[in-house]
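I have placed the structure first, in the form of structure tokens, so that the comments after it can refer back to it.
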Amino acid sequence: MSRAHAFWEYAEEYSRASGRPLGKDSRVLDIGCGWGRITRTFARDVPAENLYGVDIDPNAITLCRYLGVPGQFTLTEAGAGLPFPDGYFNVISALSVFTHLPETVATNLIAEMYRVAAPGCIFVFTVEDDSFLDYLEIPDIESRSERWRLLSQYKPRLSSLRASFAAGEYLYLTTVDEGVRTADVYGDALVPKVWIEKAWSKYFRLLKLAPSAPPVYQAVVVGIRD
């Protein structure tokens, strides 16, 4: 849980710094809640009735309910809107979600986050930065799993991918095409800072972009909805 705690600390720190510390009146949305590891970290400050989780995987929602994770959990569809009213949340988190979304799907989700966020809402989510490409230089990486076998097809393009990222391009690598994670909505995405500032600045003001490092192992984006 060290990864979840480190991720939560960004939400806690920037909520407090904004003058709206996490507490009994906070409403928190965890997008891509999985089995509830991030939702659980908010439960120390926020009552269960104000915690919400969504995921496109029905097994994740079932597991959260079975495990008794504090909060209310809803199944959503990839690319669909968020089932909440405008201006509802004070914190919105998404660990390892934007790391997998193609550009259009990612921007649609950001727009939905903006819609359901109250003024002053803190956004905390992760993206992959160019350090992700270092994995493609590991010998025999393709033998680790099917995902890495599919990613290894990009090895011949490694130099051009690095150049494209450095030029501020959003990179989407197709890796998975099964179940609810079809290639048109789920792969591996790398998002440069300049792209975030150019394409998403109308939805939130960027407060921090922490490079990928342990224990989160993805770049952490912190923003605020003005």
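Which numbered condition in (1) small (Gly, Ala, Ser); (2) in contact with a strand residue (DSSP E or B) (Cβ under 6 Å, 6 or more places away or on another chain); (3) over 22 Å from His5 (Cβ atoms) is the only one that Ser93 fails?
(3)
Confirm whether Gly32 is touching a residue at least 24 places away in the same chain (Cβ under 8 Å), out of contact with any Cys (no Cβ under 6 Å at 6 or more places or on another chain), under 26 Å from Asn59 (Cβ atoms) and open to solvent by less than 70 Å² (accessible area, probe 1.4 Å).
For Gly32, the condition - touching a residue at least 24 places away in the same chain (Cβ under 8 Å), out of contact with any Cys (no Cβ under 6 Å at 6 or more places or on another chain), under 26 Å from Asn59 (Cβ atoms) and open to solvent by less than 70 Å² (accessible area, probe 1.4 Å) - is met.
Just name the residue that is farthest from Lys193 (Cα to Cα) out of those in region 107-154 that are charged (D, E, K, R) and modelled with pLDDT of 95 or more.
Per the stated criteria, the residue is Arg115.
What number of residues within region 16-66 are in contact with a Lys or Arg (Cβ under 9 Å, 6 or more places away or on another chain) and farther than 14 Å from Leu95 by Cβ?
Summing the residues that are in contact with a Lys or Arg (Cβ under 9 Å, 6 or more places away or on another chain) and farther than 14 Å from Leu95 by Cβ in region 16-66 gives 10.
For region 143-226, give me every one of the strands (runs of 3 or more DSSP E) that falls completely inside it and has 2 or more residues that are surrounded by 13 or more Cβ atoms within 10 Å (Cβ to Cβ) and touching a residue at least 60 places away in the same chain (Cβ under 8 Å).
188-190, 205-210, 219-224
The values are calculated or read from the model by the stated rules, or taken from the named source; none is laboratory data. Remember, it's a predicted structure, so these values are computed and weren't measured experimentally. Positions of Cβ are generated from backbone atoms using ideal geometry, with glycine treated the same way; all protein chains shown enter the neighbour counts. Heavy atoms of the whole protein, side chains included, go into the accessibility calculation; ligands, DNA and RNA do not. Shrake-Rupley method; radii C 1.70, N 1.55, O 1.52, S 1.80 Å.
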